[in-house]
Amino acid sequence: MDDGFAERGGRRSSRWEELDEHEGSRNEQRRRYRDDESGKRVDRSRSRERDHRRRSRTPESRDRRSRSRDRERRRERDRDRHRDSRRQRSEERRDRRNREHDDDWKERRSGRSPDNRSRRLPAPHDADERSRSEHGRSLIRRAGPLPSQSDSFAISKGEEPEKPKEKPNFANSGLLAAASNTITQADGTAVTLKYHEPPEARKPPPRDLWKLFIFKGQDIIDTIELSTRSCWLIGRDLAVVDLPAEHPSISKQHAVIQFRYTEKRNEYGDKIGRVKPYLIDLESANGTMLNGEKVPESRYLELRNKDMLQFGSSTREYVLMLAPRD
């Protein structure tokens, strides 16, 4: 019996050991499962992060981020603009209130006396309506300065204001210049010169010997030393001209040969001045020819050595020559 009990106890202990081993294996499996699940979770979260990073590197995500930044900037600009506009409106309201306050203070100060306090000025539109009803027309509005007190009274009474007196004019009238260009002849008649010399008029230097040779056909009928004076007036009026020309197609004051001082700069920037002859036509009837071409009126043209001049319809030729220097 003891042996049977011992065998049953041995069987029970062995079974308990088997149960413990089975329970331990199950616990081991649960632990492994938990470890596997936790690893899977960690791996799953890491994979999500990697996917998010991959998705965030695409051009669409960049565009979305740039658009969001642009929207934020626009919102900030709009907020700044609204803030500035509100500040400006508040400043305008404050300035308007200050002006109104100053105007009220001035009115109160000007009406301190009892008489002024009791007397109240009519509004401007009431005065305008009253003036229109009394005189039948409105006051004249002027764009310039306000009229004087007497003119205002005259306008309100329907009268014409006085015209202002003409003030003295001290500008050049031209009469003095005309008198200085007028020559009185022996018979008492006056001849007005059509030409007067410019400020740059000069006599040519002695080293420049300018001569004018007058040809009729192949013959030289006269030679004029031009270097003796600065201006030569050519025409038919013997009372005023310096070089007479008797052809009927030539005007009384036809043309002028004028020596003028001119300055030019060379390639080094230095000023070089020279006295040169010029031709000007005085709006003659038949014109002036230079080397076979008609010259424009009232305009200076520079003359050069061996130039040929013709006046009107005359066949005489005037050749300009510069003598060679020694």
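General remarks:
- Evaluation of T262 against (1) part of a loop (DSSP other than H, G, I, E, B); (2) at pLDDT 90 or above (one fails), failing number: (1)
- G273 farther than 21 Å from I220 by Cα, of a type outside the set (D, E) and not in a strand (DSSP E or B): no
- Test: S284 is over 17 Å from L301 (Cα atoms), assigned by TED's automatic domain parsing to the domain that holds N305 and at pLDDT below 95: no
- Residue, nearest to the chain's Cα centre (by Cα), within the range 224-241, restricted to residues that are over 20 Å from P205 (Cβ atoms) and without any contact (Cβ under 8 Å) to a residue 60 or more places away in the chain: L233
- Which listed residue is of a type in the set (D, E, K, R), in the same structural domain as P206 (by TED's automatic domain parsing), at pLDDT below 90 and within 43 Å of the chain's Cα centre (by Cα), from E267, E293, E297: E267
The values are calculated or read from the model by the stated rules, or taken from the named source; none is laboratory data. Predicted model, so just to flag it, every value in this text is computed and none were measured. Backbone-built Cβ (ideal geometry, glycine too); neighbour counts: all protein chains shown.
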